[in-house]
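The values are calculated or read from the model by the stated rules, or taken from the named source; none is laboratory data. Treat the numbers as computed from the prediction; the structure is a model and nothing was measured. Here Cβ is always computed from backbone atoms with ideal geometry, including for glycine, and neighbour counts include all displayed protein chains. The accessibility values were calculated without ligands, DNA or RNA, using every heavy atom of the protein model including side chains. Shrake-Rupley method; radii C 1.70, N 1.55, O 1.52, S 1.80 Å.
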Amino acid sequence: ERLAGLAGLSGYLPLLDQTAAERSAASIGLPIFLAHGSGDGIIPIARAEAARDALLALGHPVEWHEYGMEHSVCMEEIADLNRWLLGVLAR
């Protein structure tokens, strides 16, 4: 079944090259929320940006957020995620 959306916080796509081949037909066009800290020392932001770009190339509507933080969560991120979730769950 199709999900309402997908949220990824401080992450990346470890199997980036296989994403297109392995995704379900139900997930085509799935809305995605991605958020990452610009100072993340665990997962460099370049890896998250590569995931974002790959998902955009696959036709996903990606809402991207970058925050001035390390590998953590901030209140602004939680507020942005809350707003996004309310939007996708209302569809």
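Write out, first by first residue and then by second, each pair whose Cβ atoms fall under 8 Å of each other, whose residues are 6+ apart or on separate chains, and whose first residue, in segment 41-67, is on the phi > 0 side of the Ramachandran plot while the second is surrounded by fewer than 17 Cβ atoms within 10 Å (Cβ to Cβ).
Pairs that qualify, where the first residue is on the phi > 0 side of the Ramachandran plot and the partner is surrounded by fewer than 17 Cβ atoms within 10 Å (Cβ to Cβ), are 59/28; 59/29.
Mind checking which residues of segment 5-38 are touching a helix residue (DSSP H, G or I) at 6+ places or on another chain (Cβ under 8 Å) and part of a loop (DSSP other than H, G, I, E, B)?
Across segment 5-38, the qualifying residues are 5, 10, 11, 12, 13, 15, 31, 38.
Before we move on, is residue 2 closer than 27 Å to residue 91 by Cβ, among the basic types (Lys, Arg) and part of a loop (DSSP other than H, G, I, E, B)? Before you say what the answer is, go through the steps one by one.
Working: closer than 27 Å to residue 91 by Cβ: yes; among the basic types (Lys, Arg): yes; part of a loop (DSSP other than H, G, I, E, B): yes.
Spelling it out, residue 2 is indeed closer than 27 Å to residue 91 by Cβ, among the basic types (Lys, Arg) and part of a loop (DSSP other than H, G, I, E, B).
How about segment 1-15: which of its residues are more than 26 Å from residue 75 (Cβ to Cβ) and open to solvent by 60 Å² or more (accessible area, probe 1.4 Å)? Steps first, answer last, please.
Just the residues of segment 1-15 that are more than 26 Å from residue 75 (Cβ to Cβ), to begin with: 1-2, 13-15.
Selection gives 1, 2, 14, 15.
Between residues in segment 2-28 that are in contact (Cβ under 8 Å) with a residue 12 or more places away in the chain and under 14 Å from residue 55 (Cα atoms) and residues that are open to solvent by less than 90 Å² (accessible area, probe 1.4 Å) and not hydrophobic (A, V, I, L, M, F, W, C), which pairs lie under 7 Å by C-beta distance while being six or more apart or on different chains?
Matching pairs, first to second residue: 5/31; 13/19; 28/59.
If you check residue 91 against the conditions, is it in contact (Cβ under 8 Å) with a residue 12 or more places away in the chain, open to solvent by 40 Å² or more (accessible area, probe 1.4 Å) and under 18 Å from residue 6 (Cα atoms)? Let's see the steps before the verdict.
Details: in contact (Cβ under 8 Å) with a residue 12 or more places away in the chain: yes; open to solvent by 40 Å² or more (accessible area, probe 1.4 Å): yes; under 18 Å from residue 6 (Cα atoms): yes.
Spelling it out, residue 91 is indeed in contact (Cβ under 8 Å) with a residue 12 or more places away in the chain, open to solvent by 40 Å² or more (accessible area, probe 1.4 Å) and under 18 Å from residue 6 (Cα atoms).
Within segment 71-83, is there a residue that is of a type in the set (Lys, Arg), open to solvent by 60 Å² or more (accessible area, probe 1.4 Å), out of contact with any strand residue (DSSP E or B) (no Cβ under 6 Å at 6 or more places or on another chain) and touching a residue at least 24 places away in the same chain (Cβ under 8 Å)?
Start the filter on segment 71-83 by keeping residues that are of a type in the set (Lys, Arg), which leaves 83.
Next, from what is left, pick out any that are open to solvent by 60 Å² or more (accessible area, probe 1.4 Å): 83.
So of that shortlist, the ones also out of contact with any strand residue (DSSP E or B) (no Cβ under 6 Å at 6 or more places or on another chain) come out as 83.
If we keep only those that are touching a residue at least 24 places away in the same chain (Cβ under 8 Å) too, we end up with none.
No, segment 71-83 has no match at all.
Which residue, of 63, 49, is assigned to a helix (DSSP H, G or I), surrounded by 11 or more Cβ atoms within 10 Å (Cβ to Cβ), within 11 Å of the chain's Cα centre (by Cα) and among the charged types (D, E, K, R)? So that I can check it myself, show each step before the final result.
On the way: 63 fails: assigned to a helix (DSSP H, G or I).
Just a single option satisfies the conditions, and that option is 49.
Checking the structure you have, find out if any residue of segment 22-43 is farther than 30 Å from residue 90 by Cα, surrounded by 15 or more Cβ atoms within 10 Å (Cβ to Cβ) and either in contact with a His (Cβ under 9 Å, 6 or more places away or on another chain) or modelled with pLDDT of 95 or more (or both). Walk me through how you get there before you give the answer.
Kept after step one, since they are farther than 30 Å from residue 90 by Cα, are these residues of segment 22-43: 38-43.
Now restrict to residues that are surrounded by 15 or more Cβ atoms within 10 Å (Cβ to Cβ): 40, 43.
Checking which are either in contact with a His (Cβ under 9 Å, 6 or more places away or on another chain) or modelled with pLDDT of 95 or more (or both) leaves us with 40, 43.
Checked against the condition, which is being farther than 30 Å from residue 90 by Cα, surrounded by 15 or more Cβ atoms within 10 Å (Cβ to Cβ) and either in contact with a His (Cβ under 9 Å, 6 or more places away or on another chain) or modelled with pLDDT of 95 or more (or both), segment 22-43 yields at least one hit.
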